[in-house]
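Have a look at the structure below, then the notes.
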Amino acid sequence: MMLVAGGLWAVAAGCFAADSQANEAGRKAEQTACVACHSLRLIDSQRLSAAAWGKEMDKMVGWGATVPDRQILLDYLTSEYSDAKPVPNPAISVGHR
Ligand code: HEC
């Protein structure tokens, strides 16, 4: 168990480049701004274009979401949950509920 944890830490530390810092900021923004009303799975199971994510965020803000930095979150959602990525396996969604 210690070995596994140590290995993961090494991988995480190795990936700590500028790019993953932006990603980390986006992930935190999502966890701060988007969990008040529904689970993150509702977001993470989507596959949308940048324009569609923009509209989605505006809709959520209209419903009361507070987004401190729109661009960071938009970049994160667009890169992580892009319509160019395959939709996650439904069996996994069920398991994580
Ligand atoms: C004020 C409450 C609230 C907050 C905060 C919120 N949402 Fe939502 N969101 C909703 C509601 C209500 C639905 C509709 C849920 C349903 O259909 O079961 C929804 C649904 C969604 C959906 C599914 C597609 C859709 O439009 O129905 C996505 C994607 C989504 N939200 C993204 C986000 C993101 C990204 C954030 C953070 C910026 C966020 N939400 C924060 C209320 C909120």
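Return the total of residues in segment 17-64 being in contact (Cβ under 8 Å) with a residue 40 or more places away in the chain, within 11 Å of the ligand (Cβ to nearest atom) and in a helix (DSSP H, G or I).
6
Give the residue, chosen from 63, 53, that is more than 13 Å from the chain's Cα centre (by Cα) and at pLDDT 90 or above.
Residue meeting the stated conditions: 63.
The values are calculated or read from the model by the stated rules, or taken from the named source; none is laboratory data. Predicted model only: the values in this text are computed from it and were never measured. Every residue, glycine among them, receives a Cβ derived from its backbone with ideal geometry; neighbour counts consider all protein chains shown.
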